[in-house]
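First the structure, in the form of structure tokens, and then the observations on it.
The values are calculated or read from the model by the stated rules, or taken from the named source; none is laboratory data. None of these values were measured; they are calculated from a predicted model. FYI the Cβ positions are ideal-geometry reconstructions off the backbone, even for glycines, and counts take in every protein chain you see. Remember, those area values only see protein heavy atoms, side chains included, never the ligands or the DNA or RNA. Shrake-Rupley method; radii C 1.70, N 1.55, O 1.52, S 1.80 Å.
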Protein chains: 2
Amino acid sequence: MKAEIIAIGTELLLGNIVNTNAQYLSKELAALGYDMYYQSVVGDNFERATNVIKDAVNRSDIVLITGGLGPTPDDLSKEAAAKALGLDLCLNEECLKQIENYFKKSGRKMSDNNRKQALFPNERCIIFENLNGTAPGCAMIAQNGSEVLLMPGVPREMKMMFEQQIKPYLLKKTDKTIYSENVLVAGIGESMLTSLIPEYIDSADPTVSPYCKTGLVTLRVTSADKDEATAKQKCDKTVNELKNILGKNVCGVNVKSLESVVVEQLKTKKLHLATAESCTGGMLSKAITSVPGASEVFDFGATTYSNEMKQKLLLIDRKIIASHGAVSPETAVNMAKGILNYANADIGVGITGVAGPGCSENKPVGLVYIALADKESVWVMKLNVTGATNDRDKVRESATVNALNMIRRYLTYLPNKMPNETDFNNPIPYKPEETALSELAIKGV
Amino acid sequence: MKAEIIAIGTELLLGNIVNTNAQYLSKELAALGYDMYYQSVVGDNFERATNVIKDAVNRSDIVLITGGLGPTPDDLSKEAAAKALGLDLCLNEECLKQIENYFKKSGRKMSDNNRKQALFPNERCIIFENLNGTAPGCAMIAQNGSEVLLMPGVPREMKMMFEQQIKPYLLKKTDKTIYSENVLVAGIGESMLTSLIPEYIDSADPTVSPYCKTGLVTLRVTSADKDEATAKQKCDKTVNELKNILGKNVCGVNVKSLESVVVEQLKTKKLHLATAESCTGGMLSKAITSVPGASEVFDFGATTYSNEMKQKLLLIDRKIIASHGAVSPETAVNMAKGILNYANADIGVGITGVAGPGCSENKPVGLVYIALADKESVWVMKLNVTGATNDRDKVRESATVNALNMIRRYLTYLPNKMPNETDFNNPIPYKPEETALSELAIKGV
């Protein structure tokens, strides 16, 4: 069964409001097993609205319309739908009583133009009472069997009417359910990732679609079937295969975020984290504390923005900064060690880099060093964020995500040491004698 | 001139994301003087996308398409647009070089499917380089003179390409010039704000449209005219009137952000800021360091998430926390004083509150205390973030914005002391003897 959504309202075309109704209904219809091919928005214009509805009725079994059921002259969804379906509107006495009662209950005086809201076709039409407003909805049935479902535009009224009346009405018609799982992947860019799993990206059932955020890709695995158990089975199989292919780059399945994964790992392993940030300026600390309950595993995050503070709080020898620079693997490593000691934590992370737009120490914008220290060892990675010249935020976000992923990998390998792998952006153990350290090109995403 | 917007992406049809791009572009196109009659969303399906584009090209002069420019097989916007316009795609060497360079810079390996992103028609096509990603955009010109403009779907990349390349391109086509000024307002909610300036919200020229973010409203004043001077004149007049009405709640005109205003003020007055955060977990520090050059005025930000760290770094007497609680005006005040001293700054800010979802110390989610200390005095404000029960981020963002606004107001009043006003969310001087301090209800936004 094909469904589509039409929002009617000039306020959407002017950008005064976002069409959140479309997202809500899309999810609901997908869950009901409807195939959704189109969404449209049209203004409060009779002719254009009528034509959009006509097109929709010709290509979809169910057409959901939100908005334009109000009492004012520019509310014309019912009129346009009736016209598109060759139906006439006339006053529905029962419906009028319901509206009059609604006004009585709320102690408000009903104005004459509210009578407009009681106009409905007296054939091929099912009326849905609005328990939360004055505008009733309805289903108008077209000659070809397609149905046009009209709902209020106010999200609260629309959702209530959908939940209480439209959804049960639609459930009777469908025969499929849809099941989805989300696989969160870090450390591989979208194109590289999809090139690793082409047969899954092309697969029709389950479908696998990638959604990208800086440094992260979510693979949404979706399957449709008669019963949920079968759909879930197919998804689980695919998810497991993806996990085998992508290995440690998979952060989790149906997890909220990379930071939530890290916080959960820390809780399970009863380890405490502390962070020392320069270029990210608190972004890592903010990400970790965005997870409820982070206080169990995170005591202290420092934004040591000046060299003086790096020396005072983290006890970094000024000679190190003088000889290697504030943006250097050596400084990152000593930030990680310094914060580990100050906060008496189990894991310390240090981040230093050039966020731009200006270069510092003649080092390029986008160059970032991230170090992770535990009580025995230290690892460091070099990151080059590209296309960053005009995008300070991108450098900072990328550095933050890579730091979180570094912590995740460290915790995933425990009780073993995080190895020095040469695949995707992995940190490498820090050896002071490695003078060419800062030349190491370790790929970041 | 008629314009319409098409978003291409199955993730929108499944309701995985909201189509915020459509809202952004609607506002921008309205400001450019385009009439907008339709918006559509179609999935990653070649045939359906092609047909939607064909319809759009027949009824609109400008068709803006977002999404589907990625390297994966299901990214097919260019292919569909070319088909709809009867154009062929072939490899554009110059464009390929740009993409290869983008990868070179990052030391990342370009996978073969990225070549797809360099495919463009070699006639009736203008390519827009993507400075923030791998997917270039373009304008394809139809036989009937209509134009299809393709942009990335990632909002950040889309907005940058629109601002830097598409908008100037479109401006050339209109006979009018559009002039806009943005007035940033803090400390008043949208409904209260609009109720203060109804005649401006209704005005047709200049138009005044409010854009809201947590705790902030940007009033966009726009005027269209044959010459820019006249349009600017009209905007300036309105902006000055708005400034008179809204007084000190106006943070600035055409400023980048509240944090950029604060950093500029600090630079001008040559003052250094340090922050101590609990519930915001580094969000304030992150906001300040998001401003280029913040290092001139910001040396240190601390996320003291545990009571131990509040004691160790900020030297807060454990008795204060024990008797008043970690979430109390007393703790906030001592955090501000403590960080001021530790970082030897001119201004210290302390934030402590209940971000939720769980309550702490039997205090309600959304209760936040923000303190500001200079070398002589301390101010504190109480914030009740409402509707925050399930929204940890909302509490943290609201606290951060209110802290920034408190710093801004403090700096605006200098060399005078920030008064204890009773209008919108103003801090009040902290007097230890005021035992009922924590009962003071100072409205936050």
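Over all distinct Cα pairs, what is the inverse of the mean 1/r for the protein assembly as shown, reported as the Kirkwood hydrodynamic radius in Å? Write out the running numbers ahead of the final one.
Numbers: mean 1/r = 0.0339 Å⁻¹.
Every distinct Cα pair counted, the radius reaches 29.5 Å.
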TODO: For B:Tyr413 paired with A:Thr20, estimate the spin-label separation in nm (one decimal), with each label point 7 Å from Cα along the Cα-to-Cβ line.
DONE: 3.6 nm
Open item on the list: Per q in 0.22, 0.23 Å⁻¹, report the Debye log10 I(q)/I(0) for the range A:2-86, using one uniform scatterer on each alpha carbon and no solvent.
Closed with: -1.05, -1.12
Open item on the list: Just to confirm a number: summing +1 for Lys and Arg and -1 for Asp and Glu over residues other than B:Asn182 whose beta-carbon lies under 14 angstrom from that of B:Asn182, what do you get?
Closed with: +2
Task: Within 10 Å of each Cβ in A:23-31, the average number of Cβ atoms from other chains - done: 4
Task: Long-range HN-HN contacts of A:Val378 with modeled amide H, under 5 Å - done: A:Tyr430
Task: Surface/4 estimate of mean projected area, convex hull on alpha-carbon atoms of the range B:76-118, nm² - done: 3.2 nm²
Task: Ratio of the Cα radius of gyration of the range A:325-413 to 2.2 N^0.38 Å, where N counts its residues - done: 1.08
TODO: Would you mind getting me the FRET efficiency between A:Lys173 and A:Asn101? Use the beta-carbon distance for r and R0 = 30 Å, nearest 0.05.
DONE: 0.45
Open item on the list: If you fit an axis through the alpha-carbon atoms of helix B:93-106 and take the longest principal axis of the Cα set of chain B, what angle between them do you get, 0 to 90°, nearest 10?
Closed with: 30 degrees
TODO: Place a label point 7 angstrom from the Cα of A:Glu296 along the Cα-to-Cβ direction, then list the residues of the range B:361-387 whose backbone nitrogen is under 19 Å away.
DONE: B:361-362
Open item on the list: For the pair B:Ala322/A:Arg108, report the inter-label distance in nm, with labels modelled 7 Å from Cα in the Cβ direction.
Closed with: 5.7 nm
TODO: Run the numbers on chain B and let me know its relative contact order in percent, using alpha-carbon pairs under 8 Å that are six or more apart.
DONE: 10 percent
- [ ] Just add up the charged neighbours of A:Leu91: K/R +1, D/E -1, any other residue whose Cβ is under 15 Å from the Cβ of A:Leu91.
- [x] -3
Task: Under 20 Å from the Cα of A:Lys286 - lysines, other chains or at least 8 residues apart - done: A:Lys213, A:Lys256, A:Lys267, A:Lys310, A:Lys394, B:Lys213, B:Lys286, B:Lys310, B:Lys394
TODO: Arrange the peptides A:123-129, A:168-174 so that the one whose residues have, on average, the most other Cβ atoms within 10 Å appears first.
DONE: A:123-129, A:168-174
TODO: Give me the accessible area per residue for the protein assembly as shown, probe 1.4 Å, as a whole number in Å².
DONE: 40 Å²
Task: Kirkwood estimate for chain A, i.e. one over the average of 1/r between Cα atoms, Å - done: 25.6 Å
Open item on the list: Nearest 10 degrees is fine. How inclined is helix B:392-413 to the longest principal axis of chain B, computing both from alpha carbons?
Closed with: 70 degrees
Open item on the list: Compute the angle between helix B:329-342 and the longest alpha-carbon principal axis of chain B, please, reported from 0 to 90 degrees and rounded to the nearest 10.
Closed with: 80 degrees
Task: All-pairs Cα distance distribution in the range B:57-199, expressed in whole percent, bin size 10 Å - done: 10, 35, 27, 15, 10, 3
Open item on the list: Quick check on packing: order B:231-240, A:300-309 by the mean number of other C-beta atoms within 10 Å, highest mean leading.
Closed with: A:300-309, B:231-240
- [ ] Keeping all protein chains in position, work out how much accessible area A:Leu149 exposes to a 1.4 Å probe, and write it in Å² to the nearest 10.
- [x] 0 Å²
TODO: Report the FRET efficiency, 1/(1 + (r/R0)^6), for A:Glu199 and A:Lys256, where r is their Cβ-Cβ distance and R0 is 35 Å, rounded to 0.05.
DONE: 0.75
Task: Peptide ranges A:9-19, B:206-216 listed from the most packed, as the mean C-beta count within 10 angstrom indicates - done: A:9-19, B:206-216
Task: Fraction of accessible area attributable to carbon and sulfur, the protein assembly as shown (%, probe 1.4 Å) - done: 51 percent
Task: Radius, Kirkwood style, for the range A:322-375 when every pair of distinct Cα atoms is counted (Å) - done: 11.4 Å
Task: Peptide-level mean, for B:128-134, of C-beta atoms on other protein chains within 10 Å - done: 3
Open item on the list: Under the 0.36 nm per residue contour assumption, what length would be gained going from the current alpha-carbon distance of B:Ala229 and B:Ser377 to full extension?
Closed with: 48.6 nm
TODO: Give the interface area between chains A and B as buried accessible surface, both sides summed, probe 1.4 Å, in Å² to the nearest 100.
DONE: 6100 Å²
